[in-house]
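Student: My structure is below; once you've seen it, I'll send some questions.
Values in this text are rule-based calculations from the coordinates and carry no lab data. Keep in mind that this is a model prediction, so the values were computed, not measured.
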Amino acid sequence: MRRPRRGLSIAVTLAVVWLAGFAGAGAASAHVSVSSPGAVQGGYASIVFKVPTESATASTTGLKVQLPADQPLASVSVLPVPGWSYTVTKAKLATPISSDDGDITEAVSVIEWKAASAATAIKPGEFNQFVISAGPLPKAAAMTFKAIQAYSDGSTVSWIEQAAQGSTAEPEHPAPTLTLAAAGASSAPPSSAAPTASAATTASSADEGNGRATTALVLAIVALLLGAAALTLAGLGRRSGRPS
């Protein structure tokens, strides 16, 4: 009579482990990221920083992005975000950048966005996007932008970690990394990567609702499977207990 119960406990344990992995996968993906469809080495592109709020109680009130010092960009402009202000810091270049207008001796090193009020901060369960237009992009496979996310409770999260050389494991707080296509590769026009100001505002509650519905459906299916397994094992236990 104990074997069916042991089998049921194993099934429940496996289901709990699977559910924990499902929840963990969702949490791990909720970090500051960067994207730019059509970004090509040597070209110009709109670069989008996506900032979700991971905290369940505090809102995101600030974002500081460090542009890679070893890959200076001659031209950088910022798309205004309603309800947010920004400051741009420049740094002197050890090696000037040649351009049609002459040598460029300094380049943007840091861009910092701040929410103007609590009403425009990124609330729990929401995200926002911050966009810059920049170029020429370096002739490299990727660019890494270290970022610091500030919360309304005074805490910060530093998205600055990079995977060890040769490792495929993602760090706990990975630095946003942008992959650049080789020059001449087929790509979409840079303008397609730049959302309008309205498109760069916080996500709608419909998206959040869809996510909750999907999670509920998965949990319901798991519950049904566990119930079926319990009934099956209980039936086997009753049959094994009957006298032959």
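Student: Could you pull out the pairs from Lys114/Lys139; Lys50/Lys92; Lys90/Lys146; Lys64/Lys90; Lys123/Lys146 whose alpha carbons sit more than 20 Å apart here?
Tutor: Checking Cα-Cα distances, Lys114/Lys139; Lys50/Lys92; Lys123/Lys146 exceed 20 Å.
Student: Another question, if that's okay. Going by Cα centres, region 140-174 and region 70-116 are how many Å apart?
Tutor: Between the Cα centres of region 140-174 and region 70-116 lies a distance of 21 Å.
Student: Follow-up. For Asp70 and Thr57 in the same chain, what is the full-extension length gain: residue separation times 0.36 nm, less their Cα-Cα distance, in nm?
Tutor: 0.9 nm
Student: Report the extension gain between Ala142 and Gln162 in nm, rounded to one decimal, defined as 0.36 nm multiplied by the number of residues separating them, less their alpha carbon distance.
Tutor: 5.9 nm
Student: I would also like to ask the following. Could you work out how much longer the chain between Ser77 and Thr89 gets when fully extended? Use 0.36 nm per residue separation minus the Cα distance between them, nm to one decimal.
Tutor: Going from the current span to full extension adds 3.1 nm.
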